[in-house]
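Report on the following structure.
The values are calculated or read from the model by the stated rules, or taken from the named source; none is laboratory data. The shown structure was predicted, so the numbers you read here are calculated from the model rather than taken from an experiment. Counting neighbours? That spans all protein chains shown, and the Cβs are built from the backbone with ideal geometry, glycine included. Please note that ligands, DNA and RNA were not included when accessible areas were found on the heavy atoms of the full protein model with its side chains. Shrake-Rupley method; radii C 1.70, N 1.55, O 1.52, S 1.80 Å.
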Amino acid sequence: MWFLLTILLLLSNGLTEGGVTSTYVRKAAPSVEIPKECFPRPPGYNAPEQVHITQGDYTGTSIIVSWVTPLKEQPKLVTYWEADDKKGITRVRARSRTTTYRYYNYSSEYIHHATIRRLKYNTKYMYELGKGNGTRQFWFTTPPESGPDVPYTFGIIGDLGQTQASNQTLEHYLASGKGQTVLFVGDFSYADVHPFHDNEKWDTFGRFIEKSSAYEPWIYCAGNHELDLAPEIGEQVLFKPYKHRYHVPFRASQSTSPLWYSIKRASAHIIVLSSYSAYAIYTPQYRWLKQELPKVNRSETPWLIVLMHSPMYNSNNYHYMEGETMRVVFEPWFVKYKVDLVFAGHVHSYERSERVSNIQYNITEGVSCPVKDPSAPVYLTVGDGGNIEGIADSFIEHQPSYSAFREASFGHALLEIKNRTHAFYTWHRNQDSMAVSGDSIWFYNRYWFPKEETSSNTLT
């Protein structure tokens, strides 16, 4: 009798065998951090470094260019021109705002943020920083104007750090040549795992990612390793290094904090949430999201994507159920507004859920488990960038029914939006060639084509 009751209890709580747990065993390469000296400064006097860009407004016609100068605050200018203007005759300048900060025994250099406005859609621009022998030149391409059938490709990376595995992830992503913008779901430099939150690690991280971040926008989401709370050394201001170094256009979406905001890019409406800020009813983040979701125009931006750090659905023993309180608060809205995809990090492995929801809780009847829901998003955990803490290789023994595919490997993902109804998604483990993906699926838009999807996993 007790055996039967136990089986029934497991079934009622969604703990039946779910989807696929990959049989792939990751190579035993350790997550060894790359030494600081491997990230030298660029040559030249006061040469700008740690260059990174992100979208600078709500619609995609502005870019925020950020950089650091080590010796002098000047020059505080970014010069830019259309790439088709081969001689660069029509050059325009934007002035930066400069900031510095102290963190325990570390003093930052001069951190610049300049917003370039009124750009043309779908246009390649050159931009230049510094002067004399410290001059450096980069480029970026603006997104196409938003529209329901505009194709666009996003790379998705999380929990990157600056290890040998991190470098594999970033090089692997760049080698695909497909990504136009990176959706970064948090945990940047891992400075906080070092004594006194060694902020030089923020500098080396900025140099590390520059080969991507100076040329394509990264859409940032803060993780727990950006908190940098250390009262034992007198540091009690949350997110201090992150907020000084990484600016986002939060005011453009009427947000009151850079930790939660939204943008429109091509055919996607992207909402960034903060797992480590208050989100219960009546809090600023709660009120903002309640106002933002009804604004989404699915006839203009049909793909509704949410970024956060701590996953709402996770079948790994690492960080298990940590996203549960946010799920309880926001999941009903995700279902109501037919969010397509939710990307998270935090757990250092890969997982993709089924389209499920757990919003029918009834204490009297004991209804408390996830069920298939065609209006629900797919939840994807991509905290597998390669950070110093290593792989999360301890999945729950019985794969829950809400889990479609999971694998304890490092890697990155690509989301290729084709039109208003279809997007092709692939996840690539670091050891694969780009022609082979560890997980792939055609996603169907929840607003325009809410059909059930079928995945195609390659388990090699």
Being modelled with pLDDT of 50 or more, surrounded by fewer than 10 Cβ atoms within 10 Å (Cβ to Cβ) and within 30 Å of W427 (Cα to Cα) is the filter here; which residues of region 28-46 pass it? P35
Being assigned to a helix (DSSP H, G or I) and open to solvent by 60 Å² or more (accessible area, probe 1.4 Å) is the filter here; which residues of region 285-333 pass it? R287, K290, Q291, P294, K295, T325, V328
Looking at T181, T163, T135, can you tell me which residue is farther than 26 Å from L273 by Cα, surrounded by 20 or more Cβ atoms within 10 Å (Cβ to Cβ) and of a type in the set (S, T, N, Q)? T163
Selection over region 320-347 where residues are in contact (Cβ under 8 Å) with a residue 60 or more places away in the chain and in contact with a His (Cβ under 9 Å, 6 or more places away or on another chain) yields a count of 3
In region 52-78, anything crowded, with 19+ Cβ neighbours inside 10 Å and among the β-branched types (V, I, T) is listed as I53, T54, I63, I64, V65, V68, T69, V78
Check E82, E49 and return the single one that is open to solvent by 20 Å² or more (accessible area, probe 1.4 Å), touching a strand residue (DSSP E or B) at 6+ places or on another chain (Cβ under 9 Å), within 27 Å of I263 (Cβ to Cβ) and acidic (D, E). E82
Considering residues that are farther than 26 Å from V335 by Cβ and at pLDDT 85 or above, the number found within region 427-457 is 5
Please count how many residues of region 334-353 are outside any strand (DSSP E or B), in contact with a helix residue (DSSP H, G or I) (Cβ under 9 Å, 6 or more places away or on another chain) and among the aliphatic types (A, V, I, L, M). 1
Any residue in region 103-126 that is closer than 29 Å to G411 by Cα, open to solvent by less than 10 Å² (accessible area, probe 1.4 Å) and among the hydrophobic types (A, V, I, L, M, F, W, C)? no
Among residues of region 396-447, those that are closer than 29 Å to T301 by Cα and in contact with a helix residue (DSSP H, G or I) (Cβ under 6 Å, 6 or more places away or on another chain), counted: 2
Taking the stated definitions as given, is D149 part of a loop (DSSP other than H, G, I, E, B), out of contact with any Phe, Trp or Tyr (no Cβ under 7 Å at 6 or more places or on another chain), surrounded by fewer than 20 Cβ atoms within 10 Å (Cβ to Cβ) and modelled with pLDDT of 95 or more? yes
Which numbered condition T256 fails, given (1) open to solvent by 40 Å² or more (accessible area, probe 1.4 Å); (2) β-branched (V, I, T); (3) part of a helix (DSSP H, G or I): (3)
All positions within region 180-211 that are assigned to a helix (DSSP H, G or I) and either without any contact (Cβ under 8 Å) to a residue 12 or more places away in the chain or among the aliphatic types (A, V, I, L, M) (or both): A191, V193, P195, I209
Of the residues in region 409-429 that are open to solvent by 20 Å² or more (accessible area, probe 1.4 Å) and assigned to a loop (DSSP other than H, G, I, E, B), the one that is nearest to Y173 (Cα to Cα) is K418
Do we have T6 as at pLDDT below 95, in a loop (DSSP other than H, G, I, E, B) and among the polar types (S, T, N, Q) here? no
Which of the residues that make up region 184-215 are of a type in the set (D, E) and surrounded by fewer than 19 Cβ atoms within 10 Å (Cβ to Cβ)? E200
Is it fair to say Y282 is within 26 Å of V65 (Cα to Cα), without any contact (Cβ under 8 Å) to a residue 24 or more places away in the chain and of a type outside the set (D, E)? no
Selected residue [of a type outside the set (A, V, I, L, M, F, W, C), at pLDDT below 90 and open to solvent by less than 30 Å² (accessible area, probe 1.4 Å)] from G383, G390: G390
I'm told I441 meets every condition in (1) part of a loop (DSSP other than H, G, I, E, B); (2) out of contact with any Leu (no Cβ under 8 Å at 6 or more places or on another chain); (3) buried (at least 18 other Cβ atoms within 10 Å of the Cβ); (4) of a type outside the set (G, A, S) except one. Can you identify the failing condition by its number? (1)
Of everything in region 214-224, what is in a strand (DSSP E or B) and under 22 Å from Q291 (Cβ atoms)? Give them in sequence order. I219, Y220
Mind checking which residues of region 225-243 are closer than 21 Å to A344 by Cα, in a helix (DSSP H, G or I) and open to solvent by 40 Å² or more (accessible area, probe 1.4 Å)? K243
Taking the condition of being in a loop (DSSP other than H, G, I, E, B) and among the acidic types (D, E), how many residues in region 49-62 meet it? 1
